[in-house]
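The values are calculated or read from the model by the stated rules, or taken from the named source; none is laboratory data. Note that the structure is predicted; figures quoted are calculated from it, not measured. A quick note on method: Cβ atoms are made from the backbone with ideal geometry, for glycine too, and the neighbour counts reach across all protein chains shown. Remember, those area values only see protein heavy atoms, side chains included, never the ligands or the DNA or RNA. Shrake-Rupley method; radii C 1.70, N 1.55, O 1.52, S 1.80 Å.
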Amino acid sequence: MDILKMQEAVDLVGARLHGWAETAVSHLPNAVVAVAIVALTWPIAKTMGRVLEKGLSRTSLRRPLTGLAATIMRVLIGSGGFFLALSVMDLDKTVSSLLAGVGIVGLALGFAFRDIAANFMSGILLAVRKPFAVGDLVEVDSHRGVVEGIDLRATTIRTLSGEHVVLPNRSVLENAIVNFEKTPGRRVEIAVGVAYGDD
């Protein structure tokens, strides 16, 4: 009796392995196509990102913004190739699950890193509005100095007394910005004392 049960178990395992092997062989062409899609997508994504960044560098957009656009381009093309490969493998349900998971993860990260996201979005607005440029003498949030660097997270100012100040872009955008380079002439008030005594 035990021998019969063992034989049935062996037959069942053999049938399962045979079925898996047939499934793997039948899906082998699709797997090859999927691998080829992924292998071709990433070089295309990198090339398109470089082309976009080079093209945008000739415009008035700042370098951080052009780099961001190129990165988004690469991610979109790479993700499109990955999901296309999954579709070729007949994994449509997996694609739907991944998209739902990405949405949930993105929402959770948005709440967890809302301050970083706020600085990031403020950096984009600063790059578009251009209230100042590198080398301008500005005053932001009681810090007066020369702008040394602008990226998507923070703005760097070298104060007149030599301090190196890194201001989060959110703080820059929320405070009044005085750009002294916008006005070529300035009025300077000097207090002068006059003696009232007799000679």
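Look through V140, V165, V178, V172 and report the one residue that is in contact with a Gly (Cβ under 8 Å, 6 or more places away or on another chain), of a type in the set (V, I, T) and modelled with pLDDT of 85 or more.
V165
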Considering only segment 78-92, state which residues are modelled with pLDDT of 75 or more and not aliphatic (A, V, I, L, M). G78, S79, G80, G81, F82, F83, S87
Restricting attention to segment 150-164, and to residues there that are touching a residue at least 12 places away in the same chain (Cβ under 8 Å) and under 16 Å from N179 (Cβ atoms), which single residue is most open to solvent (accessible area, probe 1.4 Å)? L160
Selection count where residues are assigned to a helix (DSSP H, G or I) and open to solvent by less than 50 Å² (accessible area, probe 1.4 Å), scope segment 53-72: 9
Given the criterion at pLDDT 70 or above, touching a Pro at 6+ places or on another chain (Cβ under 9 Å) and open to solvent by less than 90 Å² (accessible area, probe 1.4 Å), identify the matching residue among A118, A133. A118
Selection within segment 165-178 - touching a Ser or Thr at 6+ places or on another chain (Cβ under 7 Å) and touching a residue at least 40 places away in the same chain (Cβ under 8 Å): N169, R170, V172, L173
With (1) modelled with pLDDT of 75 or more; (2) under 25 Å from P64 (Cβ atoms) as the list, and F111 as the residue in question, which single condition is left unmet? (1)
Which is open to solvent by 70 Å² or more (accessible area, probe 1.4 Å), over 19 Å from the mean Cα position of the chain (by Cα) and either modelled with pLDDT of 70 or more or farther than 29 Å from G149 by Cβ (or both), of V95, V75, V10? V10
